[in-house]
Amino acid sequence: MATECDCCSVERAEPDHMVSSCTACGENGRPVQRETVKAILAVSLRRMTDAEFLFCDTPQCSVVYFSRDGLCSFEMDDMRERVYQKEPELSDALVCYCFQHTVGDMQSASPEGRAAIVEDITLGTQTGQCACELRNPQGACCLGNVHGLIRRSDAVHA
């Protein structure tokens, strides 16, 4: 049986099972709350299906979210802003969506400045001022991404 996808008006075969890998690149996705997807999308929310969504963090893949039923996906052009995991080298991409720290901020900061940014994010999360599950496209805290960015920047400057 075929159905028309609510998000892209393409007719697709009805899936026999639920998927956990990206419909475009085949990499495993991470479950993300529907509220996160709704908050990040720049397109009409009528395009969303009622399915559970997963986040694809593969930089070379244009898909950001895909439904577990395999019928719907959203790409980078459908997002309100840049997705760090997709464009980790762009200086204006946010690495911390709650406190507005960019890749460029992290790369241009001194070691002390980077430590201050990490401290700012940590303090904000500890005091409940963050909304990572809604503002970060991956639906989780950015500190892992921030520390990874610092390690990569340190390796380049070593």
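Expressed as a whole percent, the accessible surface of the chain that belongs to carbon and sulfur atoms is 48, based on a 1.4 Å probe.
Helices in the chain, meaning DSSP H runs of at least 4 residues, each add -39500 (n - 2.57). Divided by all residues, the mean residue ellipticity at 222 nm is -9000 deg cm²/dmol. Hey, what angle do you get for helix 143-157 against the long axis of the chain, alpha-carbon based, 0 to 90 degrees rounded to 10? Around 60 degrees separate the two axes. Positive end of the dipole of the chain (Cβ unit charges, origin at the Cα centre): among Gly113, Phe55, His101, the Cα lying farthest that way belongs to Gly113. Accessible surface for Leu134 stands near 70 Å², nearest 10, in the context of the full protein assembly shown (1.4 Å probe). Compared with the dominant Cα axis of the chain, that is its longest principal axis, helix 111-126 is turned about 50°. Answer with a single label: of [x] 59, 33, 23; [y] 54, 30, 21; [z] 55, 27, 24, which was calculated as Cα extents along the principal axes in Å from the structure in view? It is the value labelled [x].
Put simply, the amide H of Ser21, placed in the peptide plane, has neighbours under 5 Å in Gly29, leaving out anything fewer than 5 places away on its chain. Which one of Met76, Met18, Met106 has the biggest mean-square fluctuation once the chain is modelled by GNM with Cα springs under 10 Å? The residue that fluctuates most here is Met18.
Charges were assigned to the Cβ only: +1 to each Lys and Arg, -1 to each Asp and Glu. The resulting dipole of the chain about its Cα centre is roughly 240 debye. Measuring only protein heavy atoms, the 1.4 Å probe finds Glu35 accessible over about 100 Å². Accessible surface comparison of Ile150, Ile121, probe 1.4 Å, protein chains only, largest first: the order is Ile150, Ile121.
Near Asp57, within a Cβ-to-Cβ distance under 13 Å, what is the net charge of the other residues, with Lys and Arg +1 and Asp and Glu -1?
0
At a probe radius of 1.4 angstrom, the accessible area of the chain per residue rounds to 53 square angstrom. Between Leu123 and Asn28, residue separation times 0.36 nm minus the direct Cα-Cα distance comes to 31.0 nm.
The values are calculated or read from the model by the stated rules, or taken from the named source; none is laboratory data. Keep in mind that this is a model prediction, so the values were computed, not measured. Cβ atoms come from the backbone with ideal geometry, glycine included; neighbour counts cover every protein chain shown. The protein model used for the area step is the full one, side chains on, heavy atoms only, and it has no ligands, DNA or RNA in it. Shrake-Rupley method; radii C 1.70, N 1.55, O 1.52, S 1.80 Å.
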